[in-house]
Protein chains: 6
Amino acid sequence: MDDAFLQQLFEEHHRARKLPSPRLIEDWLDGLLQFLFPELSTLRFESEQSFRLHYLTNDLKFYSILDAMSEELTESPDAVRCAFEALLPSVRGALIEDAEAILAGDPAAVNRVEVITTYPGFYALAVHRIAHAVHGLGACLLSRMLSEIAHGKTGIEIHPAADIGRRFCIDHGTGIVIGETVRIGNDVKMYQGVTLGALSVQKEMARTKRHPTIEDGVVIYAGATILGGDTVIGANSVIGGNTWIVKSVPPDSRIYYREPRID
Amino acid sequence: MDDAFLQQLFEEHHRARKLPSPRLIEDWLDGLLQFLFPELSTLRFESEQSFRLHYLTNDLKFYSILDAMSEELTESPDAVRCAFEALLPSVRGALIEDAEAILAGDPAAVNRVEVITTYPGFYALAVHRIAHAVHGLGACLLSRMLSEIAHGKTGIEIHPAADIGRRFCIDHGTGIVIGETVRIGNDVKMYQGVTLGALSVQKEMARTKRHPTIEDGVVIYAGATILGGDTVIGANSVIGGNTWIVKSVPPDSRIYYREPRID
Amino acid sequence: MDDAFLQQLFEEHHRARKLPSPRLIEDWLDGLLQFLFPELSTLRFESEQSFRLHYLTNDLKFYSILDAMSEELTESPDAVRCAFEALLPSVRGALIEDAEAILAGDPAAVNRVEVITTYPGFYALAVHRIAHAVHGLGACLLSRMLSEIAHGKTGIEIHPAADIGRRFCIDHGTGIVIGETVRIGNDVKMYQGVTLGALSVQKEMARTKRHPTIEDGVVIYAGATILGGDTVIGANSVIGGNTWIVKSVPPDSRIYYREPRID
Amino acid sequence: MDDAFLQQLFEEHHRARKLPSPRLIEDWLDGLLQFLFPELSTLRFESEQSFRLHYLTNDLKFYSILDAMSEELTESPDAVRCAFEALLPSVRGALIEDAEAILAGDPAAVNRVEVITTYPGFYALAVHRIAHAVHGLGACLLSRMLSEIAHGKTGIEIHPAADIGRRFCIDHGTGIVIGETVRIGNDVKMYQGVTLGALSVQKEMARTKRHPTIEDGVVIYAGATILGGDTVIGANSVIGGNTWIVKSVPPDSRIYYREPRID
Amino acid sequence: MDDAFLQQLFEEHHRARKLPSPRLIEDWLDGLLQFLFPELSTLRFESEQSFRLHYLTNDLKFYSILDAMSEELTESPDAVRCAFEALLPSVRGALIEDAEAILAGDPAAVNRVEVITTYPGFYALAVHRIAHAVHGLGACLLSRMLSEIAHGKTGIEIHPAADIGRRFCIDHGTGIVIGETVRIGNDVKMYQGVTLGALSVQKEMARTKRHPTIEDGVVIYAGATILGGDTVIGANSVIGGNTWIVKSVPPDSRIYYREPRID
Amino acid sequence: MDDAFLQQLFEEHHRARKLPSPRLIEDWLDGLLQFLFPELSTLRFESEQSFRLHYLTNDLKFYSILDAMSEELTESPDAVRCAFEALLPSVRGALIEDAEAILAGDPAAVNRVEVITTYPGFYALAVHRIAHAVHGLGACLLSRMLSEIAHGKTGIEIHPAADIGRRFCIDHGTGIVIGETVRIGNDVKMYQGVTLGALSVQKEMARTKRHPTIEDGVVIYAGATILGGDTVIGANSVIGGNTWIVKSVPPDSRIYYREPRID
């Protein structure tokens, strides 16, 4: 091994800021999901106090993570932790509604336990709602790490800044991309391979709205691509599979794909 | 943390049925695959008896899993375990044929060891044939958990109830979705991003055939979408990439995609 | 369990060549990435010597892996290890350029730490540049195992033999397939779901160029499919999303997708 | 394996009360010692809150242990836990005095860190003062398990009920036995192999004082045996090595061993 | 590091026979004790079959151990394993009697659970009865490894060849040494620091009886030393603490220690 | 928990110097013993280089330990590490002689493998010779931690500063105490419970010779106590069991214990 290379690497290692380990972040996330959804937990608690102490144990991991990333926070790690805790009841409430909506809409779903324990769309959404809360509190890098955990496990990529309404259903989901400035209303349903992206990806566009808006009640079938910050899919529209949309469509639209010729 | 929220969560945790841990299920599945395919096993066995004892050890995990989920079974955990064991020789036989077919059909494949150890399509199919056997014995939630393990690792989603013939080849595979009531014949080949889905997803359609039938010898290229319970792709047809099929095509069809214009 | 089946399996296990465990390979790869990118490492080193010794520890894992797979090597495991080490400075140099290019081109990217720690496109490329070096030294099965680790985590499949130029940017990435004989120039950018594949997949075509060539400065949007060994995308072309390309296009082309009708 | 034997064992296992695992008890004890003595802790805490949360994590283990053994408690697990916590400052205060006394009295001891991290006598005493507090709160079986952990590691056996004064010094210590009803004053020093035992071991003597009393300032050299519930070693006596004492000696006694003849 | 030294060591390592790892042996021993004594087990078994499968799992470890040491066996590893299994009911029966005898004789013992879970004398005896069975089946090195596990944990050293009768009680126990050719009758009780050793330790005496015989009902107090192959302690004798015995004493003897003078 | 107590503890934790973890020290020691004695190693090395790399891995642990304790060293951690390495061949040479001497002298010993893998006396001596080298290089606290690892496992306590000649045999060993300024010649043999201690333990005596000298060829039987810095046991003497020696004895002495009366 080249000596100068090793020496240079050592110096970079020596100077580098140390982030919390990915394993710690995953452990905390798993613990939090098990806390919020008894269906995911394999532990039995004999008393409420042991349950509370167990919760605190997981919270300590969150604190350590924030502490190690405090450089990028505008408030103290503890203030962030407390503010996050205050959001948990509403995060959970939204996710319970999501699970019920998935169950009501998918003919293959048997019961809520199945949805919560096996649907990648539910998992990705659960991680998103948590990452979105973390992002809103200023821990942006951590929120991205969280969304990438879900992306890695499900193939569903949702930027933590995306704003998603209630009772959102993702079916199958692999290949979905939902960009940073997307806004999604209530009761939207979406299938695998859908992209909600930007038309232009110039660096100058950072911090402008460059991804579409999806109004209430829209259904978007597999493989559809919807691009642009001014693109609005009007309420209750149905967007067919494999379509390509770069301008707004009015409410109640039906956008279909032309069938290929059969030779 | 809000006290009422914690108390409510504790009560839900206290009442919740406890499922076997995901890690236990993955460990059993890994052990079973290593048992069936020596190429995947890193253990050396000095004698047949130590091999048998090792097999029993893994079987104990399966028993524990079934035991913890016995509420949803119609037969005793042990009856299910025995019936599953009886199916293993034919499951393995089918998978050996699948591996040979992949090797014969992919110019990049070097030998059977490479196929078994590195092809995500083979892995997803191996898990499917196991999950399908488990599903047939009534352990539906477990079968879904198994198929989601493969989905998470490969991006290939195959519902455990789907009925798949012999010598099935998946190449690349990311983004494939194969629905609950799909029927696939023998010698079918399929590329990444193919969807075999439902046309309508009304909850009332549960338990009806709502996904297509693919007859023997069909090839389906990347990104094709085939929908509907009455849609039959006739034997030996070739379905081109990115096509969109919602009605039946006769045997020996060639369905191509129109090229886009070049401006 | 059927006795003859168990006995046959034992015999196959007994005869089988034992590969290194997947966990060992992943551990080595993780260690190597942490060594090359201080942003990924959670360890602090007090002195250069402890850093060097730590590097050697990881190198030992690589040696063990090569040793266990020496049957398929044309040189001694140690010769391969040394040759690989000599390539590391240039592998790292290329990856630093890739990270800078991603940062410069993506409006959502905040800084280099975020790119290196959270972008699946960067991870897949980092693993590819390592796997490509390993492949070039003759350890083909190992190189495939490495690329499948990245495929499993990111949904991005790059054959280790593919030849990729400098400053390559992948955004989102899920569903990308880059075939064995692909050649990609410098400053190419690519989105999710792009396929660079073969037109025909006859086994006889093994070892011929059957995947496309992408010249410098090309941008390929999401879902595009480009097929064929003679297909060349000329320099600085832009290939629109969801397009289907099976023949060459000249430099500076703009290929767009026709919008579907709105009924 | 004999079937009837296996069946009988299964039935006993099925009926048996399950104690907390030895590993859990050791983990809690280690955590508590590290909490009380920073010299033993390898963790760094960035803030007081992370320290408190860490303490709570260990406390949860104690709670789980008490919960699993609640059958033998006369108060609720939580009441015991709280009462134990209230004792910790005085337990620690006594142990700091013990460490200082060992340091002051042993010519081989270099500093307090060495005493706390390497002296088995200090470790056994630390565990005893904790076990004694636990015993006093009614968790007798747990207190015995704790004292046996120290016994196994140091060869020093101190019954948790034994009443030991301040600034107690044990040097070397292997083979020391201190019985259930022993009373030891302040500033006592004791070497390896000393027994403070019972003269008679009839079962009827349970709960009577059957082990000796050692008054303030006594020194007992290696291998001395002192027996009987009425035996009192008067203050400031020196008991020589290998002596055998079964009746009281007045204060300031010097008891020596006769030298053997040299043939 | 000296090169010749490293090279020589490598050659020795290369030639060396590999024994099973100490951790594997301890794991098996722990599993066996938990199987025999439900008081030591922290697992719950839902059905007899899961219990049997669990037993087999532990048995596999024993098989692996014997397999790795088969060079020193006169019979096949499996024949040894089967013969050992056939002895387990009587080993367990003897140990239940031992536990009852300890409980009946020690005023500090509260119940059988306490004896089995916390008495080092019981633990050492349990390991001895297992090691003695293993020794009788010809696995001498393994039997020594087992007895050293107990020695390390309790300070009680019992050679696996020693022949020990029923209802044997050890109290405290640290420092006890029981030699290879010792014979102990029924209902013997022994305290800490007792040595049953050889008078002469010439190598030529290997395989002759060189350690004492203790007849039924003898009590031996702490620190007594009894030496010689012809030395017989007659039935129901009481041997006082710290005594030194090198010739036989008749039944019903009382051997006391002279008290030292008080100056 | 009392708030002031927690706050005070946190402050002490915050200020405390952090020592290397006991587990790291034990891991290094185990690795070193396995390196020196192939009989203790369970790893197979395919090539000399993989053996060397493995050795370096363990050496890294030693370096980390020294680095963390560098405050108490007079030379750089690396200088200490190198000097220690240079001593290893002679340490190993001495231990091989010790093992041969134990085998030659103990009628129960079967072969060298048994001595090295199961004799606590050999283990304690191996750790002592390593700790003595470490002590000689100025790492005093580390040397004490090493000797306490052996003390905890064997009940044999040897101060790392003690000076011990060649072919030293310990039989059984539990309860042996060998003080800081002891000097032992060649070919000495010693049994369990022997103390080589100080007559007076005034703190002022630190750094003076206060423990006995044992000349070549002496045998010391179980339980003997030999005290005092001026006490010299002349060459080839035999010291009987349970004796008490506080002044020198000439060469070739035979010191016996008076037998107790039989009443």
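Scanning the stretch A:207-222 for residues that are in a loop (DSSP other than H, G, I, E, B), open to solvent by less than 20 Å² (accessible area, probe 1.4 Å) and within 20 Å of residue C:241 (Cα to Cα) yields a count of 4.
Suppose the filter is within 11 Å of another protein chain (Cβ to nearest Cβ), over 16 Å from the mean Cα position of the chain (by Cα) and modelled with pLDDT of 95 or more; does residue F:115 pass it? Yes; evaluated as a whole, the condition is true for this residue.
Is there a residue in the stretch E:98-105 that is touching a residue at least 12 places away in the same chain (Cβ under 8 Å), touching a Leu at 6+ places or on another chain (Cβ under 7 Å) and more than 30 Å from residue D:208 (Cα to Cα)? No, the conditions are met nowhere in the stretch E:98-105.
Residues that are within 30 Å of residue B:77 (Cα to Cα), part of a helix (DSSP H, G or I), facing another protein chain (nearest Cβ under 8 Å) and touching a residue at least 24 places away in the same chain (Cβ under 8 Å) occur in the stretch E:87-97; there is at least one. In the stretch D:42-74, the residue that is surrounded by the most Cβ atoms within 10 Å (Cβ to Cβ) out of those that are of a type outside the set (Phe, Trp, Tyr), at the interface with another protein chain (Cβ under 10 Å from one of its Cβ atoms) and outside any helix (DSSP H, G or I) is D:47. Of all residues in the stretch A:20-41, those being under 30 Å from residue A:71 (Cβ atoms) and not in a loop (DSSP other than H, G, I, E, B) number 15. Filtering the stretch C:151-161 to residues that are more than 7 Å from every other protein chain (Cβ to nearest Cβ) and surrounded by fewer than 24 Cβ atoms within 10 Å (Cβ to Cβ) leaves only C:161. Of the residues making up the stretch D:118-145, those that are within 13 Å of chain E (Cβ to nearest Cβ) and within 16 Å of residue F:146 (Cα to Cα) number 1. Within the bounds of the stretch C:247-261, is there any residue that is closer than 30 Å to residue B:104 by Cβ and buried (at least 20 other Cβ atoms within 10 Å of the Cβ)? Looking through the stretch C:247-261, none of the residues is closer than 30 Å to residue B:104 by Cβ and buried (at least 20 other Cβ atoms within 10 Å of the Cβ). Scanning the stretch A:20-41 for residues that are facing another protein chain (nearest Cβ under 8 Å) and open to solvent by less than 20 Å² (accessible area, probe 1.4 Å) gives A:20, A:35, A:36, A:38, A:41.
Just for the stretch C:224-248: of the residues that are touching a Ser or Thr at 6+ places or on another chain (Cβ under 8 Å) and in contact (Cβ under 8 Å) with a residue 40 or more places away in the chain, which one is farthest from the other protein chains (Cβ to nearest Cβ)? Top of the filtered list is C:229. The set of residues in the stretch E:187-206 being open to solvent by less than 50 Å² (accessible area, probe 1.4 Å) and assigned to a loop (DSSP other than H, G, I, E, B) consists of E:188, E:191, E:192, E:193, E:194, E:198, E:200, E:201, E:206. The set of residues in the stretch E:1-19 that are under 18 Å from residue F:56 (Cβ atoms) and not in a helix (DSSP H, G or I) comprises E:1, E:2.
May I ask you to list the residues in the stretch C:223-237 that are of a type in the set (A, V, I, L, M), at pLDDT 95 or above and open to solvent by 10 Å² or more (accessible area, probe 1.4 Å)? Residues satisfying the conditions are C:232, C:235.
With respect to the stated conditions, residue D:148 fails to be over 21 Å from residue D:100 (Cβ atoms), in contact (Cβ under 8 Å) with a residue 12 or more places away in the chain, at the interface with chain E (Cβ under 8 Å from one of its Cβ atoms) and open to solvent by 20 Å² or more (accessible area, probe 1.4 Å). Scoring residue F:164 on the criteria (1) modelled with pLDDT of 95 or more; (2) crowded, with 24+ Cβ neighbours inside 10 Å leaves a single failure, condition (2). If you filter the stretch E:75-84 down to residues that are within 21 Å of the chain's Cα centre (by Cα) and buried (at least 17 other Cβ atoms within 10 Å of the Cβ), you find that the one that is modelled with the lowest pLDDT is E:81.
The condition (being without any contact (Cβ under 8 Å) to a residue 24 or more places away in the chain and either within 23 Å of residue F:4 (Cα to Cα) or touching a Lys or Arg at 6+ places or on another chain (Cβ under 6 Å) (or both)) is satisfied by just one residue among D:12, D:48: D:48. Which of the residues spanning the stretch B:170-181 are more than 8 Å from every other protein chain (Cβ to nearest Cβ) and surrounded by fewer than 24 Cβ atoms within 10 Å (Cβ to Cβ)? Hit for the stretch B:170-181 is B:181, nothing else.
The values are calculated or read from the model by the stated rules, or taken from the named source; none is laboratory data. Quantities reported herein were computed from a predicted structural model and do not represent experimental measurements. FYI the Cβ positions are ideal-geometry reconstructions off the backbone, even for glycines, and counts take in every protein chain you see. Ligands, DNA and RNA are stripped out before the accessible areas are found, and what is left, the full protein with its side chains, is counted by its heavy atoms. Shrake-Rupley method; radii C 1.70, N 1.55, O 1.52, S 1.80 Å.
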